[in-house]
Amino acid sequence: MTRVRVSTTVDAELIATAREVHGGGTDASVIEAALRALLAAHHRAEVDAAYDMAWAAMPVDTPDEWGDLASFGAAVRRASR
């Protein structure tokens with residue numbers, strides 16, 4: 001993996017708290033963990049958006065040869081009482 005140098009200033013309290021939460025290590029490891037978390041959150045948002053688009057294209061109450069998911073969910077809730 002190619003490494004790049006990052007030189008920046010950040011809020012002193014923020015980096016101190018991040019160091020504690022991260023459990024030690026270098027500032028580089030704290031920043032790498034933060035970047036990984038940012039990318040993971042971005043990926044989750046992309047997946048959520050894809051699901052939103054899919055459900056908008058075919059709402060849960062759209063019938064098919066098996067029925068529709070809304071009715072199925074309602075039946076499951078009634079049966080589990």
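The values are calculated or read from the model by the stated rules, or taken from the named source; none is laboratory data. Bear in mind the structure is a predicted one, so any value in this text is a computation, not a measurement. So basically every Cβ, Gly included, is an ideal-geometry build from the backbone, and we count neighbours across all protein chains shown.
Overview of results
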| read-out | value |
| --- | --- |
| Which listed residue is out of contact with any Cys (no Cβ under 9 Å at 6 or more places or on another chain) and under 30 Å from Leu14 (Cβ atoms), from Arg77, Arg36 | Arg36 |
| Of the criteria (1) modelled with pLDDT of 95 or more; (2) surrounded by 10 or more Cβ atoms within 10 Å (Cβ to Cβ), which one Asp11 fails | (2) |
| Matching residues in region 32-81 - criterion: being β-branched (Val, Ile, Thr) and in a loop (DSSP other than H, G, I, E, B) | Val60, Thr62 |
| Boolean, Val6 is at pLDDT below 95 and in a loop (DSSP other than H, G, I, E, B) | yes |
| Residue satisfying all of: in region 52-81; among the aromatic types (Phe, Trp, Tyr) and surrounded by 10 or more Cβ atoms within 10 Å (Cβ to Cβ); nearest to Arg5 (Cα to Cα) among these | Trp55 |
| Answer from His42, His22 - the residue that is within 30 Å of Ser7 (Cβ to Cβ) and in contact with a Ser or Thr (Cβ under 9 Å, 6 or more places away or on another chain) | His22 |
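Residues are listed down the side, and each one gets a yes or a no for (1) surrounded by 11 or more Cβ atoms within 10 Å (Cβ to Cβ); (2) hydroxyl-bearing (Ser, Thr, Tyr):
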residue	(1), (2)
Thr17	yes, yes
Asp27	yes, no
Val30	yes, no
Ala33	yes, no
Ala45	no, no
